[in-house]
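Read through the structure below, which is laid out as structure tokens, and then see the notes.
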Amino acid sequence: MPRGDGTGPAGEGPGTGRGLGRGAGQARGGQGRMGGQGLGPGGDCVCPSCGTKVAHQPGTPCYNIQCPKCGAYMARE
């Protein structure tokens, strides 16, 4: 804007920057950083060391559960 009154060249006036509107994260409806898709309450936790499987407990992440056989932390299958 040469005079500061909004009469500058096309495409350089107010409202043409990237800061307005919905950002990439908000365009999906605010689903969160990882997409908001949990694995659900069912399934198993599996030990990455020995392969032991235990039933997943809703509300407790598998990575917080220790394997009953070898003591390693479980992973979600």
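Values in this text are rule-based calculations from the coordinates and carry no lab data. All of these numbers come straight from a predicted model, not from anything done at the bench. Neighbour counts are summed over all protein chains in view; Cβ atoms, including those assigned to glycine, are modelled from backbone coordinates with ideal geometry.
Amide H contacts under 5 Å for Cys67: Ala72, Tyr73, Met74, restricted to partners 5 or more places along the chain or on a different chain, H placed in the peptide plane at 1.01 Å from N. With the simple model of a label 7 Å out from the Cα in the direction of the Cβ, Thr60 to Thr7 spans 7.3 nm. Label-to-label distance, Ser49 versus Ala72, with points set 7 angstrom from Cα along the beta-carbon direction: 0.7 nm.
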